[in-house]
Amino acid sequence: MNTINDVIEKMMEYYKGDPKRIQHFIKVYQFGKLIGEEEGLDAKMQRILETACVVHDIGIKASEEISQQRRQLPGAGGTAHCKRSSCVS
């Protein structure tokens, strides 16, 4: 069974080179952990909450990579300017 520290380490590897993403999920994890503890969640629900907090943005990296690939396709026009997940034409 993976501990939350194992999950955090894997996510840090996944987001290697992107400190803003790492700092974001750590912050979300800390807030979620605190809220769950203050609400008195049982151990199973606390683990689910903490894990969800760590991985909540896991799809963003792949989405950004797909968007980047689409912008490089012939006929894409190259007129879109994207920063992270918000695009402006």
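What follows draws every value from the coordinates through simple rules; no lab data is involved. Keep in mind that what you see is a predicted model, and the values were worked out from it rather than measured. Cβ atoms come from the backbone with ideal geometry, glycine included; neighbour counts cover every protein chain shown.
Listing for the model above:
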| read-out | value |
| --- | --- |
| Charge tally in the Cβ shell below 12 Å around Lys16, where Lys, Arg are +1 and Asp, Glu are -1, Lys16 excluded | 0 |
| Nitroxide proxy distance, nm - points 7 Å out along Cα→Cβ at Ala43 and Gln69 | 4.2 nm |
| Rough spin-label spacing in nm, given labels placed 7 Å along Cα→Cβ, for Thr3 and His24 | 2.8 nm |
